[in-house]
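Rule-based calculations on the coordinates, nothing more; no lab input. The structure presented is a predicted model; accordingly, all values stated were derived computationally and were not measured. Cβ coordinates were reconstructed from backbone atoms using ideal geometry, including for glycine residues, and neighbour counts include every protein chain displayed.
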Amino acid sequence: MAEALLGFVLENLSFLLQNELSTMFGIKSKAEKLSTTLGLIQAVLEDAEQKQVTDRSIKIWLQQLKDAVYVLDDILDECSIESSRLRGSINPKNLIFRRDIGNRLKEITRRLDDLADSKNKFLLREGITIRESSIEVPEWRQTSSFIAEPKVFGRQDDQDKIVEFLLTQARDSDSLSIYPIVGLGGVGKTTLTQLVYNDVRVTGNFNAKIWVCVSEVFSVKRILCSIIESITSQKCDSLHLDAIQLKAQDLLQGKRYFLVLDDVWNKTQELESGLSQEKWNKLKSVLFCGSRGSSILVSTRDEDVAEIVRTCQTYHLSGLPENECWLLFKQYAFGHDKEERAELVAIGKEIVKKCGGLPLAAQALGGLMRSRSGEKEWLEVKESRIWALAHENTILPALRKNLEVEDVGSMIWNELCQKSFFQDIKIDEYSGDISFKMHDLVHDLAQSIMGQECVVLENKNMASLSKSTHHISFHDASHLSVDKSALKKVESLRTIFELNCDRF
């Protein structure tokens, strides 16, 4: 949450600098210094967000950061409003505002500088190094040999070609066959690899099959441990690479094995933990021990990875044919319980044409359209200007729609309802208003995450307000006795909302 908030404020600060509003108010140097400080803090936020769960001091630091950033956001809003009102005119009010804004920016800069300095004691890491610090693949990136899709469209021909290679050319080879599959992100490399891995023809041809999800961190030790665990069904506990290498080699010796290395990334300046020639040589030296016909399938979006690993010609995976892409889109957009209205089908087929044959795009858009029943909503997606962004990777326009806030809110609402986050949902037949409840445990979880940021205001808890309170709600204004001294503690109030409990 802090990361999203900080990113939003940095955009506003950049706007202030680019439009010379900072020069108008005489705060250009302060704004530039703030931008630098926030950039330094932003670099470690991903690490801080993860570590706050077990480190209370980091949780407090993040709360202090959010408090300060909320105040800065208020200041930037005031600058924007004041610039529109004054329109660059020089008058006493303008001079007073410039002095006031300058003083407030000086104070908030001091607070953020202190926070930037104090982050060092937490040993927070920057950016990609967070992933480098662990050889574990984040759960959301992990793949497995199990096919998750209820039905796979348009890949039978690709599957047959790769299986044929494994059963003929690779089977007759005296050396280890390493066959890379290269394609765009979202084109279906993992799904195709799963189809090959589970093909009965492949299963009958090999003594052992092993699936390893590699992802961004190419760790020789982790890959070898995964091979050992796959074959023995036992945890690989050895801490020494030499022992792990010997164990893996002993288990593979004399076996015709089939190994999948899924989602391999190349080492770059931005991704130090990716595959390098040195790492590959170290792994390959262990793997050259199987019997004749042993094969490795490597899926990657990077041609450089294919060049490093391949002993055979690279298999380039292209997008789905348009008719197959439509069947995939339709499966997610209509499912088994939604009417396939002719007008929506026609629009849907036009949307699919813009997906470029990418299954992930068709799947994501189909899932998006499932929650939309109106022809107007489907046309908005079809005619969105984001499709015209030619410089984008072809998958991005399909996944990064230019949605209205209400659309995003509606999508989130529907998803939370489906996951039982909300319960006892009622719709008023006259007004159309929706009411709902949350389970006690879910409510307690939300409260524990938000802490003092969100407060339901009652007389008994007025004293609990602090400068970290940013959202206040109350049940009935007529029965509310406001303690002004308590409200003065609140430094940056974002919302105040009256709850209507009559409908519950």
Which net charge results when you count Lys and Arg as +1 and Asp and Glu as -1 among the other residues whose beta-carbon is under 14 Å from that of ASP242? +2
In a shell of Cβ-Cβ distance under 10 Å around LYS437, excluding LYS437 itself, what net charge do Lys and Arg (+1) and Asp and Glu (-1) give? -1
In order over the stretch 438-449: 3J(HN,Hα) from phi, Karplus 6.51/-1.76/1.60, θ = phi - 60°, whole Hz, x for each Gly or Pro, gives 10, 4, 3, 5, 5, 4, 5, 5, 4, 5, 5, 6
Residue-count net charge about ILE223 - beta-carbon cut-off 12 Å; Lys, Arg +1, Asp, Glu -1: +3
Kirkwood radius from Cα pairs of the stretch 249-382 plugged into Stokes-Einstein at 4 °C, 1.567 mPa s, gives D in µm²/s equal to 71
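Find, among the trypsin sites (Lys or Arg not before Pro) in the stretch 239-282, those assigned to loop by DSSP (not H, G, I, E, B) with at most 16 other beta-carbon atoms within 10 angstrom.
Working: sites: LYS247, LYS255, ARG256, LYS267, LYS279, LYS282; in loops: LYS255, ARG256, LYS267.
Of the trypsin sites (Lys or Arg not before Pro), the ones in loops of the stretch 239-282 whose Cβ has at most 16 other Cβ atoms within 10 Å are LYS255.
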Quickly rank 67-74, 48-55 as a protection proxy: mean count of other C-beta atoms within 10 Å, highest first. 67-74, 48-55
Vicinal HN-Hα couplings computed from phi for the stretch 179-193 (Karplus, 6.51 cos²θ - 1.76 cosθ + 1.60; Hz; Gly/Pro x): 10, x, 10, 10, x, 4, x, x, 7, x, 4, 5, 4, 4, 4
Which ³J(HN,Hα) values, rounded to whole Hz and listed in residue order, are derived for the stretch 66-74 from phi using the Karplus coefficients 6.51, -1.76 and 1.60 in 6.51 cos²θ - 1.76 cosθ + 1.60 with θ = phi - 60°, glycine and proline given as x? 4, 4, 5, 5, 4, 5, 4, 4, 4
Sorted by average packing, counted as other Cβ atoms within 10 angstrom per residue and highest first, what order do 364-375, 216-227 take? 216-227, 364-375
Within 10 Å of each candidate Cβ there may be at most 16 other Cβ atoms; applying that plus a DSSP loop requirement, which GluC sites (Glu not before Pro) in the stretch 279-350 survive? GLU339, GLU340
Starting from the amide H of GLY356, placed 1.01 Å from N in the peptide plane, find each other amide H under 5 Å away whose residue is 5 or more places distant or on another chain. none
Using the per-residue mean of other Cβ atoms lying within 10 Å as a proxy for protection, in what order, highest first, do the peptides 425-438, 175-188, 284-297 fall? 175-188, 284-297, 425-438
Mind computing the radius of gyration and Dmax over the alpha-carbon atoms of the stretch 161-222? Å is fine for both. 13.0, 34
Cα gyration tensor of the stretch 188-300, axes a ≥ b ≥ c as square roots of the eigenvalues: rounded (a/c below 1.5), prolate (a/b > b/c) or oblate? oblate
Among the listed pairs LYS30/LYS51; LYS30/LYS467; LYS189/LYS282; LYS209/LYS235; LYS338/LYS382; LYS119/LYS401, which are separated by more than 29 Å between their Cα atoms? LYS30/LYS51; LYS119/LYS401
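Looking at the square roots a ≥ b ≥ c of the eigenvalues of the Cα gyration tensor of the stretch 114-261, which shape do they give, rounded for a/c under 1.5, prolate if a/b is larger than b/c, or oblate?
Note, shape of the stretch 114-261 comes out oblate.
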